[in-house]
Amino acid sequence: MDPNAPAWELFLSSLGPIALEGLRGTLPLTLASFALGLVLALVVALMRISKNRILASIARVYISIIRGTPLLVQLFVIFYGLPSIGVTIDPWPSAIIAFSLNVGGYAAEVIRAAILSVPKGQWEAGYTIGMSRTTTLRRLILPQAARVSVPPLSNTFISLVKDTSLASLILVTEAFKTAREIATFTNEFMVIYLAAALVYWVFCTILSAGQSQLEKRLDRYVAH
C-alpha cells in the first residue's frame with residue numbers, strides 16, 4: 001500500500017485487509033464470546049429467579065457490577081490488572097473472558113425477563129402431567145422464552161461485533177487494530193477509519209438481515 005496514493009485509493013485498498021481481518025479475527029472473537037456469554041447468562045438468569053436467596057443475591061451483585069462498569073474497564077482489569085496479583089492471561093483469552101462476562105451480565109436479564117413472560121399456566125401444565133420443575137423448565141418454559149429473547153439477544157450480538165474493536169487496545173488483532181495500523185502507516189486517519197466504519201456497518205447490516213430471517217422462522221411456530 002502506497003502511503004502517497006490519493007485518499008480514495010487508500011480508502012478502497014484498505015477495505016480488503018480490514019474486512020479480511022474482520023472475518024479472521026472480529027467474527028470468531030464475537031462468536032466465541034457470545035456463545036460462552038449465553039451459557040453464563042442462562043446460569044445467572046436461573047440463579048436470579050431461584051428461591052435460594054444466596055444464589056439470587058450472587059446473581060444480582062454480578063449483574064450490577066457488569067452493568068455498572070464500562071466494558072473497557074473490565075477488559076483492562078483482566079488483561080492489565082490481573083498480572084499485578086500473579087495472574088497473566090494472553091490477549092485473546094483475556095478478550096473472550098471480558099466480553100463473555102459482559103454479555104452474561106446483560107443477557108441474563110433478557111433471559112430472566114423472557115422466562116418470567118411465559119404464562120404461569122405453562123408451569124402448572126407441566127406439573128399436571130407429572131413433570132418435575134427442571135423438566136418443565138427445559139421442555140416447556142425455555143423453548144417459549146427462547147423465541148421472546150431472540151430480538152434483544154440478537155441486538156446484543158450485533159453490539160458485541162462493534163464492541164470487539166476495544167480488543168485492539170489489549171493487542172488483539174482484529175478489524176480495528178488492522179485499521180489503526182494502516183492509518184498509522186499512511187497517516188490518513190480519517191479515510192482509513194471511515195473504511196473501518198464501512199466494514200463494521202456491512203457486517204452489522206448482514207447480521208441484522210439474518211436476525212430478521214430467524215425471527216420469521218420462529219414466528220411460524222407461534223399461534224396467532
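For Thr128 and Leu116 in the same chain, what is the full-extension length gain: residue separation times 0.36 nm, less their Cα-Cα distance, in nm? Please list the in-between numbers first.
Working: separation 12, 0.36 × 12 = 4.32 nm, distance 1.95 nm.
Extra length from Thr128 to Leu116 when fully extended: 2.4 nm.
Counting lysine pairs in the chain that sit 8 or more residues apart in sequence, or on different chains, and whose Cα atoms lie under 28 Å apart gives 4. In the set [x] 1.04; [y] 1.23; [z] 0.95, the label that goes with Cα Rg over 2.2 N^0.38 Å computed for this structure is [y]. Note: relative contact order over the chain, using C-alpha pairs below 8 Å and six or more positions apart, is 30 percent.
Once you charge only the Cβ atoms, +1 for Lys and Arg and -1 for Asp and Glu, what is the size of the charge dipole of region 7-219 about its Cα centre, to the nearest 20 debye? Mind showing how you got there, number by number?
Values: 17 positive and 11 negative charges, 246 e Å.
Here the size comes out at about 1180 debye.
Site pair Val202 and Leu55 shows an inter-label distance of 4.7 nm when each label is modelled 7 Å from Cα along Cα→Cβ.
A short reminder: the numbers here are calculations on the coordinates, not readings from a lab. Computed from a predicted model, the values in this text were never measured in an experiment. Every residue, glycine as well, gets a Cβ built from its backbone with ideal geometry; the counts of neighbours run over all protein chains shown.
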